[in-house]
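Only one structure is covered here, and it is reproduced in the block below.
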Amino acid sequence: MGKNISSILCGMLLLFSAVGFLSCDVGYCLPVENKPEMSKGIVTETGTVRIDGMYFQRFYYFNCDLKGSYVINIDSLKLNLSDDNLILRPNNIYISRDIKSKNNASVKNIFIQKRLIFDRKDKTKEIQKPLLLTVLPSDFIMCNGKRIINDTLIIELKDPRRAIK
């Protein structure tokens, strides 16, 4: 009787382990191509800022990890795609710590994420490769009255799983 219970428990443990392993999703970092230091983190007067892209569960994301004190202006974020046939949807931006997404908001130690959802104007045309996201200079993130994004940033939107063989 004790061996049966032991065998059942062992079988259940193996089953739960297999299900847990198979259900894990992996996110892939998409670095800033033309300014790799932005993906590693740049030091500012009040802390560090890390900007990159991410591919997770067939979606692309634009991420900003802010350590320190900053002012954010959500309406100032300027994103463009290299394919003129694509329209980037103006969906909401997720901001950690239940901060309302408003302009001129003082924030500290937060994570900002925008899911990049786009539609094709002409559905018969394929998406151009490589597909590039450009982040234009703006007042989106400010530190002591100075812009953090002073140059155009380029992130290649790709499925990293296809590159792994």
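The values are calculated or read from the model by the stated rules, or taken from the named source; none is laboratory data. All of these numbers come straight from a predicted model, not from anything done at the bench. Glycine gets a Cβ as well: all are built from the backbone with ideal geometry, and neighbour counts include every protein chain shown. Just so you know, the surface numbers come from the protein's heavy atoms only, side chains and all, with ligands and any DNA or RNA stripped out. Shrake-Rupley method; radii C 1.70, N 1.55, O 1.52, S 1.80 Å.
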Exactly one of (1) more than 16 Å from Leu30 (Cα to Cα); (2) open to solvent by less than 20 Å² (accessible area, probe 1.4 Å) is unmet by Leu133. Its number?
(1)
Can you name the condition, by its number, that Arg120 falls short on among (1) at pLDDT 90 or above; (2) within 20 Å of Met38 (Cβ to Cβ)?
(2)
Would you confirm, using the coordinates I've provided, whether Gly68 is small (Gly, Ala, Ser), touching a residue at least 12 places away in the same chain (Cβ under 8 Å), in contact with a Cys (Cβ under 8 Å, 6 or more places away or on another chain) and farther than 14 Å from Ile117 by Cβ?
yes
Cβ-Cβ distance below 9 Å, separation of 6 or more or different chains: which pairs start in the range 72-85 with a residue that is touching a residue at least 60 places away in the same chain (Cβ under 8 Å) and within 13 Å of Thr152 (Cα to Cα) and end on one that is of a type in the set (Gly, Ala, Ser) and buried (at least 16 other Cβ atoms within 10 Å of the Cβ)?
Leu77/Ser138; Lys78/Ser138
Long-range neighbours under 6 Å by Cβ, at least six apart or interchain, first residue within 24 Å of Tyr55 (Cβ to Cβ) within the range 12-41, second in a helix (DSSP H, G or I) and modelled with pLDDT under 85:
Tyr28/Pro160
Strands (runs of 3 or more DSSP E) wholly inside the range 19-114 containing at least 2 residues that are surrounded by 12 or more Cβ atoms within 10 Å (Cβ to Cβ) and modelled with pLDDT of 90 or more
28-30, 48-56, 59-72, 79-81, 86-88
Hits in the range 136-165 (condition: surrounded by 12 or more Cβ atoms within 10 Å (Cβ to Cβ), outside any loop (DSSP other than H, G, I, E, B) and in contact (Cβ under 8 Å) with a residue 60 or more places away in the chain):
Ile141, Met142, Cys143, Leu153, Ile154, Ile155, Glu156, Leu157, Pro160
Are any residues in the range 115-130 touching a residue at least 40 places away in the same chain (Cβ under 8 Å) and in a loop (DSSP other than H, G, I, E, B), and if so, which ones?
Ile117, Lys125, Ile127, Gln128, Pro130
